[in-house]
Amino acid sequence: MPVAQRPRMTAAPSEQEDMPRRRLLSWFTSVGLFGSAVLSAFSNFVFIKPRATYGQPARFAIGKPEEFPPGTRISLDARRVCIVREGGKMAAISTTCTHLGCIVGVSDTGFACPCHGSRFDQDGNITGGPAPKPLPWYKVSLKPNGDLEVDKGVEVMPGTYYNV
């Protein structure tokens, strides 16, 4: 057959179906790239924002010395400290159990842990239970405005009182 008389060839049906499939794959690729770009930008913005979690300050005011009459033992549960005043001396003893961190309660004989049964005397020394060490004592000082300040960042030797 001469070349001019050859019938014109049309694309096979499978080639005609490839075009929509190619468009679909290119659309999925575009959406994937756009999505990853958005996720990357969002991650960068989240990374820039600081994630600092501020707990309670280690140093805090507890009030004037006159607010604590001699012979008092006041537990400040929110601060996890017990303020002790004996005459003209004041001290701050931790109320966090040294066993597993429970809040100990002030009792007549000292401190008692309600969780695992640790017992401490009036000075925070261990008298029974699973606690591995005595309750820590914290530094007490007087601020310039006349308020007492407890610094939980500074532990002092047990039996160390601040003279008011």
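So here's what we get for this one:
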item	result
Per-region count, the range 73-97, residues among the charged types (D, E, K, R) and touching a Leu at 6+ places or on another chain (Cβ under 7 Å)	0
Of the criteria (1) modelled with pLDDT of 90 or more; (2) outside any strand (DSSP E or B); (3) of a type in the set (Ser, Thr, Tyr), which one Ser141 fails	(2)
Matching residues in the range 101-115 - criterion: being part of a loop (DSSP other than H, G, I, E, B) and β-branched (Val, Ile, Thr)	Val104, Thr109
In the range 55-64, residue farthest from the chain's Cα centre (by Cα) [restricted to those that are among the small types (Gly, Ala, Ser) and not in a loop (DSSP other than H, G, I, E, B)]	Gly63
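Yes or no, residue by residue, for (1) of a type in the set (A, V, I, L, M); (2) not in a strand (DSSP E or B):
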residue: Glu66; (1), (2): no, yes
residue: Pro69; (1), (2): no, yes
residue: Ile74; (1), (2): yes, no
residue: Ala78; (1), (2): yes, yes
residue: Cys82; (1), (2): no, no
residue: Arg85; (1), (2): no, no
residue: Met90; (1), (2): yes, no
residue: Ile93; (1), (2): yes, no
residue: Thr98; (1), (2): no, yes
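Listed here are the residues, each with its yes/no results for (1) assigned to a helix (DSSP H, G or I); (2) among the charged types (D, E, K, R); (3) modelled with pLDDT of 85 or more.
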site: Met1; (1), (2), (3): no, no, no
site: Ala4; (1), (2), (3): yes, no, no
site: Asp18; (1), (2), (3): yes, yes, no
site: Val31; (1), (2), (3): yes, no, yes
site: Leu39; (1), (2), (3): yes, no, yes
site: Thr53; (1), (2), (3): no, no, no
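The values are calculated or read from the model by the stated rules, or taken from the named source; none is laboratory data. Computed from a predicted model, the values in this text were never measured in an experiment. Cβ atoms come from the backbone with ideal geometry, glycine included; neighbour counts cover every protein chain shown.
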